[in-house]
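The values are calculated or read from the model by the stated rules, or taken from the named source; none is laboratory data. All values derive from a computational prediction rather than experimental measurement. Cβ sites come from the backbone with ideal geometry, for glycine too, and all protein chains shown count toward neighbours.
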Amino acid sequence: MKKIYVIGWVAAEYAATLIKENKDEIKNRFTNEWIGFAYEDLQKKSEYKINEDFLISNFDNYSDELRNKENHSELTEVAPKNDGSSYNPVFGNNKKDLYEKYIADLSECTLNEALWRISLVYNTGFDVNVKNIPIPQTAIEIYNFLQLNPYDIPSKGGYIAVSDDDDFLFGDEFKNTRISCIGFLTNENAKRLLYGDEVRYLDKPDAYRVYGDLS
């Protein structure tokens with residue numbers, strides 16, 4: 001079973017930006033001491049970055065996407081073939097050419113966009129436990145106060161990965177790094193988001209892109 005991991009943090013960098021851009025408004029809700037602590041905490045968490053050489057050598061999709069970016073290619077919806085199977089114009093036959101491990105940089109896409117991308121890459125659905133998604137508590141406070149959804153905002157400091165082999169997570173590259181298992185791929189098409197006993201379903205993100213700058 002392939003599991004879905006977040007390496008690092010989700011939505012930390014943008015929360016720090018929100019503190020700077022909404023300083024007066026935030027001061028009406030939080031103390032100066034808390035604001036200073038939160039900003040430093042979020043800045044530190046957003047600095048996390050995986051070495052690019054490690055990404056290229058350990059995740060085939062990373063080098064493929066770099067090449068596709070250069071060629072201005074995009075990953076489109078999986079199209080059914082006449083024999084009942086599916087063919088993905090970037091990744092090939094869905095049961096033949098799947099990546100053993102997959103990774104996406106959350107500075108280039110939102111968490112929801114990354115999850116949707118994963119469903120295209122593997123042509124399947126997933127179950128994600130939302131409570132396991134690592135968002136700093138300081139960021140949650142900021143997003144809640146400004147009524148924004150952190151899962152719809154690209155932000156540095158985190159990656160989403162898919163693998164059925166946990167061994168790569170315990171190498172030197174990830175020493176002292178927060179790694180959270182947030183869910184797993186299923187044999188169904190449903191993209192389930194689990195909020196305790198409540199089940200919601202991920203809709204296609206409005207600003208969905210697969211490669212490149214989403215701004």
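Search segment 154-186 for residues being assigned to a loop (DSSP other than H, G, I, E, B), under 24 Å from PRO136 (Cα atoms) and charged (D, E, K, R), and hand back the single one that is modelled with the lowest pLDDT.
By that ranking, first place goes to LYS175.
Matching residues to (1) among the aromatic types (Phe, Trp, Tyr); (2) in contact with a strand residue (DSSP E or B) (Cβ under 7 Å, 6 or more places away or on another chain); (3) closer than 19 Å to LYS3 by Cβ:
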{"residue": "PRO154", "(1), (2), (3)": "no, no, no"}
{"residue": "GLY158", "(1), (2), (3)": "no, yes, yes"}
{"residue": "ASN189", "(1), (2), (3)": "no, no, yes"}
{"residue": "ARG192", "(1), (2), (3)": "no, yes, yes"}
{"residue": "ASP197", "(1), (2), (3)": "no, no, no"}
{"residue": "TYR201", "(1), (2), (3)": "yes, yes, no"}
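Is at least one residue of segment 107-120 assigned to a loop (DSSP other than H, G, I, E, B) and either modelled with pLDDT of 95 or more or over 16 Å from VAL6 (Cα atoms) (or both)?
Taking segment 107-120 first, the residues assigned to a loop (DSSP other than H, G, I, E, B) are 107-110.
In the following step, the residues that additionally are either modelled with pLDDT of 95 or more or over 16 Å from VAL6 (Cα atoms) (or both) were identified as none.
Within segment 107-120, not a single residue is assigned to a loop (DSSP other than H, G, I, E, B) and either modelled with pLDDT of 95 or more or over 16 Å from VAL6 (Cα atoms) (or both).
Taking PHE184, is it over 16 Å from LYS3 (Cα atoms) and aromatic (Phe, Trp, Tyr)?
Working: over 16 Å from LYS3 (Cα atoms): no; aromatic (Phe, Trp, Tyr): yes.
Answer is no for this residue.
Among residues belonging to segment 35-49 that are in contact (Cβ under 8 Å) with a residue 60 or more places away in the chain and either touching a strand residue (DSSP E or B) at 6+ places or on another chain (Cβ under 6 Å) or in a helix (DSSP H, G or I) (or both), point out the one that is farthest from LEU115 (Cα to Cα). Spell out the reasoning first.
Residues of segment 35-49 in contact (Cβ under 8 Å) with a residue 60 or more places away in the chain: 37-38, 41-42, 45-49.
Then keep just the ones that are either touching a strand residue (DSSP E or B) at 6+ places or on another chain (Cβ under 6 Å) or in a helix (DSSP H, G or I) (or both); that gives 37-38, 41-42, 45-46, 48.
Values: PHE37: 31, ALA38: 27, ASP41: 26, LEU42: 23, LYS45: 21, SER46: 20, TYR48: 20 Å.
This residue is PHE37.
Taking segment 129-153, which residues are part of a loop (DSSP other than H, G, I, E, B) and more than 13 Å from the chain's Cα centre (by Cα)? Quick ask: steps written out before the conclusion?
Taking segment 129-153 first, the residues part of a loop (DSSP other than H, G, I, E, B) are 133-136, 147-149, 153.
Within segment 129-153, PRO136, GLN147, LEU148, ASN149 qualify.
Give the residue that is surrounded by the fewest Cβ atoms within 10 Å (Cβ to Cβ), with candidates limited to residues of segment 1-14 that are in contact with an Asp or Glu (Cβ under 9 Å, 6 or more places away or on another chain) and part of a helix (DSSP H, G or I).
Looking at residues that are in contact with an Asp or Glu (Cβ under 9 Å, 6 or more places away or on another chain) and part of a helix (DSSP H, G or I), I get GLU13.
Can you name the residue in segment 126-171 that is buried (at least 19 other Cβ atoms within 10 Å of the Cβ) and of a type in the set (Gly, Ala, Ser) and is also nearest to GLU25 (Cα to Cα) among such residues?
ALA139
Taking the residues in segment 15-24 that are touching a residue at least 12 places away in the same chain (Cβ under 8 Å) and in a helix (DSSP H, G or I) as candidates, determine which candidate is nearest to the chain's Cα centre (by Cα).
Ranking the qualifying residues of segment 15-24, first place goes to ALA15.
Could you please tell me which pairs satisfy a Cβ distance under 8 Å, a separation of 6+ or placement on different chains, a first residue in segment 1-14 that is in contact (Cβ under 8 Å) with a residue 24 or more places away in the chain and within 15 Å of TYR143 (Cα to Cα), and a second residue that is of a type in the set (Ser, Thr, Tyr) and assigned to a helix (DSSP H, G or I)?
TRP9/SER46; VAL10/TYR151; ALA11/TYR143; ALA11/TYR151; ALA12/SER46; GLU13/SER46
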